[in-house]
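Below you'll find the structure, written out as structure tokens, and then a few comments.
Just so it is clear, none of the values below were taken in a lab; they were calculated from the coordinates. The structure presented is a predicted model; accordingly, all values stated were derived computationally and were not measured. All Cβ positions, glycine included, derive from the backbone under ideal geometry; neighbour counts span all protein chains shown.
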Amino acid sequence: MPDELADGNARVDRSVAHSARMWDYWLGGKNHYAADREAGDAVRRVFPGIVVDARQQRAFLRRAVRFLTREAGVRQFLDLGSGLPANDNTHEVAQRVDPACRIVYVDNDPIVLAHAQALLTSSPEGACAYVDADVRDIGGVLDRAAQTLDFARPVGVVMLGIFGNIPDLDRVGEIRAAVLEAVCPGSYLVISDGDTTDPARLHAVEEFNRSNPGHEYTNRSVEQITAYFDGLELVEPGVVSTPLWRPGPATAGAPEKAAIHCGVARKP
């Protein structure tokens, strides 16, 4: 039976699997239903590494945000395509370093909107906001984000798996260019995307796309992902598989690679 969402307008059908809830399932979250678990298990049978990919991408987010707050001095974050709340959301990681950090989350998924309050539990010293918008309308997104963030000061722009949801690579380039034009020098891009290095992942995505018209995902080559950072100053170790980006003691025992490449780069 469909569920009424928090905003009273949109509805969610529990009988149909949804990618956001499937991702939550792979992360070990609680915001999923039987249909999501069944679809998630079907993908996992074709590509067992999907759970590793999901969890390693989340771990990369934590490390990248800690780096930006502790080492780069960033105190503002724009998280595009934030997805469902999970452990260690961007504001939680950042505000543990400095409670005055300000964060804006952006997503256009009604399921995420229903849970957005979990993303707005800011410390009193800082601020959190949620923008219900499509990243393809990047001008509108940036205008609304500017109500919370000061774009005259450095911003960490987080885009994890977002560009894979946009099949047109030229449109990806336009969104990237608009973001870079909006933020000031000293800002950073944090990007990851599913890559083409694992045939099992490619097969799983093909199966997912056939079953989810209108929500297709596009894997990108390592060269295409690396090109997202053209003209920027890549932070060491550059564009690598997610477990290899600045692993620390807490990542001991992590896999040597995942079928997702990532990077962090500074606008000069």
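Where the only charges are on Cβ atoms (+1 Lys, Arg; -1 Asp, Glu), what is the dipole of the chain about its Cα centre, to the nearest 20 debye?
For the chain, the charge dipole is close to 780 debye.
Would you work out which of Ala129, Gln117, Leu68 lies farthest towards the positive end of the dipole of the chain, given +1 charges on the beta-carbon of Lys and Arg and -1 on that of Asp and Glu, about the Cα centre?
Farthest along the dipole direction, towards plus: Leu68.
Would you please state the base-10 log of I(q)/I(0) at q = 0.15 1/Å for the chain, with intensities from the Debye formula using one equal scatterer on every alpha carbon?
Log10 I(q)/I(0), no solvent term: -1.15.
What per residue convex hull volume, in Å³, comes out for the range 68-111 when only alpha-carbon positions are used?
66
Wrap a convex hull around the Cα atoms of the range 1-124, take a quarter of its surface area, and give that in square nanometres.
In nm², the orientation-averaged hull projection of the range 1-124 is 8.0.
Which listed residue (Ala178, Ile50, Gly164) has the Cα farthest towards the positive end of the charge dipole for the chain, taking +1 on Lys and Arg C-beta and -1 on Asp and Glu C-beta about the Cα centre?
With unit charges placed on the Cβ atoms, the residue in question is Ile50.
Calculate, axis by axis, the spread of Cα positions in the range 81-154 along the three principal axes, and write the results as whole Å, longest axis first.
31, 30, 15
Give me the percent of Cα-Cα pairs in the range 172-268 that sit more than 21 Å apart, rounded to a whole number.
Considering the range 172-268, 43 percent of its Cα-Cα pairs are separated by more than 21 Å.
What shape does the range 10-77 take by its C-alpha gyration tensor, where a ≥ b ≥ c are the square roots of the eigenvalues and a/c under 1.5 counts as rounded, a/b above b/c as prolate, and the rest as oblate?
Oblate shape, in that a/c is at least 1.5 and b/c is the bigger or equal ratio.
So what is log10(I(q)/I(0)) for the range 37-190 at q = 0.10, 0.11, 0.18 1/Å, when the Debye sum runs over its Cα atoms only?
Listed by q, the Debye log ratios stand at -0.35, -0.43, -1.13.
Return a whole-number percent for the relative contact order of the chain, with Cα pairs under 8 Å and 6 or more residues apart as the contact set.
Taking the mean separation of contacting Cα pairs over the length of the chain, I get 17 percent.
Using the Cα centre of the range 11-133 as the reference point, and only Cβ charges (+1 on K/R, -1 on D/E), how large is the resulting charge dipole? Debye, rounded to the nearest 20.
320
I need the shape label for the range 101-239. Rule: rounded when a/c is under 1.5, else prolate if a/b > b/c, else oblate, with a, b, c from the alpha carbon gyration tensor.
Because a/c hits 1.5 or more and a/b fails to exceed b/c, the range 101-239 counts as oblate.
Could you derive backbone 3J(HN,Hα) for the range 256-268 from the dihedral phi with the Karplus parameters 6.51, -1.76 and 1.60 (θ = phi - 60°), listing whole Hz in sequence and x where the residue is Gly or Pro?
Coupling constants for the range 256-268: 5, 7, 9, 7, 9, 9, 8, x, 10, 9, 9, 7, x Hz.
Distance from a point 7 Å along Cα→Cβ of Glu181 to each backbone N in the range 125-154: keep the residues under 17 Å and list them by number.
135-146, 151-152
Once Lys and Arg get +1 and Asp and Glu get -1 on their Cβ, which of Tyr217, Ala20, His91 lies farthest toward the positive end of the dipole of the chain?
Of the candidates, His91 comes out farthest on the positive side.
Given q = 0.25 Å⁻¹, what are the Debye log10 I(q)/I(0) values for the range 125-194, with equal point scatterers placed on the Cα positions and solvent ignored?
-1.35
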